[in-house]
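Here's the structure we're looking at; comments come further down.
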Amino acid sequence: MTNDIHDQHIRTLGRQLADGSMNRREFVRFATLLGMAAPAAYAAAGLAAPTAARAQSMPKGGVLRIGTRVKEIKSPHTYSWGGYDSNISRQVLEYLTFTDEKGVTGPGLFEKWSVSPDLKTWTFNVRKGVKWHNGQEFTADHVIWNLKRVLDPEVGSSMIGLMKGYLLDDTTVNGKASTKIWDANAIEKVDDHTVRINCKLPQVAVPEHFFHYPMAIMHPDSKGVFQVGSVGTGPFTLTEFDLGKKAVLKAQKGYWGGDAFIDTMEQIDIGDDASAAIAALASKQLHGLVFADPGQYDALKALPHLAFYDVPTAETGVIRMRCDAKPFDNPKVRKAMRLAIDPEVVLKVALRGLGVTGDHHHCSPAHPDYAAIPPMKRDVAAAKKLLAEAGYANGISAEIIVPNDHAWFQTQAEACIEMWKEAGITIKLSPMPGAAYWDVWTKVPMGTTIWYHRPLSIMCLGLAYRTGVPWNESGYSNKEFDEILTQAEGTIDLAKRKELVAKLETIMQEDGPLVQPVFRSTFTFMDKRVKGFSMHPTNYMFGWKMGLEA
């Protein structure tokens, strides 16, 4: 696809911009996604393009210390903590594309791309002049190795949840169900600097999928393992790693995107104690946090040397039920669980109003493809009726497991437990250390899971609820849902896609495996000496853009 405004896809978007069914920001997001250069997309939308270059007046040198959790990092393609594990490796390992703070996807290790009118054939140009830290040139072969690895079911990457619909087929091998790449030429090397993706079905979000945090580009010699000294293409090298304590990253000279301003980034584990982070920032032992918790807001806001950053997101704590565990195997019970909840109460109690209410379908107003269907209002009488129809006229009893590494999860659960009681639903709260919970998060009958922001609602739905994908923690399977989701993923017309998303949202409310009352605003605090920082909705941090005043 060219940057010509008369191109077929851009004309479609242009019509929607003109008739008001798409706003100017949405036009920019989708035009760039389909390969239009960002300056041209902004100009076509009548917006001023943001400055792409970093400020060269940034202070140089110094050690930037960031409070976070230092979790296991050895397997980037199977990461499940975008704000923790990937924030260490992303300073070293890069991504094929880059989705910015506004949700606009542009070049990364791919410098440009084009797509066929049917959204099936995507041609990506590998950026020239990029070298690995060992001096080797970055080429199409490295891209293809990474893509095939994340699509290998034996690896267990969540990328399968995004790509299954258009790059994978279900099959049977030796009597066992399996998944494989749908065609031998699905991932095609055109030349040393060109990769073509030949999809079995249309897909609008391929470039955004390439910025999903497990899609870090690793050197094939790594065999999928990231550790101290690992080779990357990024601005830093990892020189020290102590699990649960600290990761140290040193700036590389000659980075293709421009050398980092700081000399060193230290990511320091602050544990589960919210007060410890407050004390470290107050005493200036830390320059900032990857992200802050609502319970820390008041104390940190009162510190005059800190600057506050926030952004609306689709980040949420999903209370999910295993669809193969009684009593949650009955969809009427699952719907009753939702009907007994007032999201406004949860928002005030758990998040102190720092967010927006959800409607139990995991699609956020922060998503451009979000559909505003009627909210699911609290109706205790209806919840009791559904329980009786499901054979539980005297109510139900169950246990909810809540990890302790997100403080507001427990407050959310406590608020819901009180409301469930009125419907005859008795739920026991069982906190669990995060380190133990994330070993069993897909197995417990009822639990709470952090789901970070994704740029599109169809990405959230594909990762979490498509049949058989690695992160389908609830075991949810709905043939109609899968079919509509695949159709939505291949629909460029935003108005039509929203119609499909509305159907998906309705299925979630009626049949889905979740209670999901709120989306939180992601926020953090940084010392005012930190320059060049901006809050990314997915809590991603880019050390090479940041400077530190003495």
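The values are calculated or read from the model by the stated rules, or taken from the named source; none is laboratory data. Since the model is a prediction, treat every value here as computed from it, not as a measurement. Methodologically, a virtual Cβ is constructed for each residue, glycine included, from the backbone with ideal geometry; neighbour enumeration extends over all protein chains shown.
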#### Entry: Flag if residue 328 is among the aromatic types (Phe, Trp, Tyr) and in a helix (DSSP H, G or I)
no
### Task
Looking for whichever is out of contact with any Pro (no Cβ under 8 Å at 6 or more places or on another chain), within 22 Å of residue 451 (Cβ to Cβ) and either modelled with pLDDT under 95 or crowded, with 23+ Cβ neighbours inside 10 Å (or both) here; the options are 338, 320, 334. Which one fits?
338
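Could you please find all residues in the stretch 349-363 being among the small types (Gly, Ala, Ser) and outside any loop (DSSP other than H, G, I, E, B)? Before you say what the answer is, go through the steps one by one.
Going through the stretch 349-363, the residues among the small types (Gly, Ala, Ser) turn out to be 350, 353, 355, 358.
Scanning the stretch 349-363 gives 350, 355.
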## Note on the structure
Taking the stretch 111-126 and keeping residues crowded, with 19+ Cβ neighbours inside 10 Å and farther than 24 Å from residue 165 by Cα leaves 126
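If you check residue 296 against the conditions, is it under 26 Å from the mean Cα position of the chain (by Cα), under 30 Å from residue 460 (Cα atoms) and surrounded by fewer than 17 Cβ atoms within 10 Å (Cβ to Cβ)?
On the way: under 26 Å from the mean Cα position of the chain (by Cα): yes; under 30 Å from residue 460 (Cα atoms): yes; surrounded by fewer than 17 Cβ atoms within 10 Å (Cβ to Cβ): no.
In short, no.
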### Task
Tell me which residues, restricted to the stretch 411-434, are loosely packed, with under 15 Cβ neighbours inside 10 Å and of a type in the set (A, V, I, L, M).
429
### Task
Please go through the stretch 508-550 and pick out each residue that is crowded, with 18+ Cβ neighbours inside 10 Å, closer than 24 Å to residue 400 by Cβ and not polar (S, T, N, Q).
508, 512, 513, 514, 515, 517, 518, 519, 520
### Query
How many residues are touching a helix residue (DSSP H, G or I) at 6+ places or on another chain (Cβ under 9 Å) and free of Cβ contacts under 8 Å to residues at least 24 places away in the same chain when one looks only at the stretch 483-527?
5
### Query
Which number in (1) surrounded by fewer than 18 Cβ atoms within 10 Å (Cβ to Cβ); (2) modelled with pLDDT of 95 or more marks the one condition that residue 352 misses?
(2)
### Message
Could you go through the stretch 58-78 and let me know if any residue there is assigned by TED's automatic domain parsing to the domain that holds residue 195 and hydroxyl-bearing (Ser, Thr, Tyr).
### Response
no
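Would it be correct to say that residue 353 is touching a residue at least 60 places away in the same chain (Cβ under 8 Å) and more than 20 Å from residue 426 (Cα to Cα)? Reasoning before the result, please.
Details: touching a residue at least 60 places away in the same chain (Cβ under 8 Å): no; more than 20 Å from residue 426 (Cα to Cα): yes.
Against the criterion (touching a residue at least 60 places away in the same chain (Cβ under 8 Å) and more than 20 Å from residue 426 (Cα to Cα)), residue 353 does not qualify.
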### Task
Scan the stretch 364-385 for residues that are of a type outside the set (D, E, K, R) and in a loop (DSSP other than H, G, I, E, B) and jot them down.
364, 365, 366, 367, 368, 370, 371, 372, 373, 374, 375, 376
### Query
Among the residues of the stretch 277-293, is any in a loop (DSSP other than H, G, I, E, B), surrounded by 20 or more Cβ atoms within 10 Å (Cβ to Cβ) and among the polar types (S, T, N, Q)?
no
### Matching residues, the stretch 113-131, being outside any strand (DSSP E or B) and of a type outside the set (Gly, Ala, Ser)
117, 118, 119, 120, 127, 128, 130
### Task
Can you confirm whether the stretch 499-511 contains a residue that is in contact with a Lys or Arg (Cβ under 6 Å, 6 or more places away or on another chain) and not assigned by TED's automatic domain parsing to the domain that holds residue 252?
no
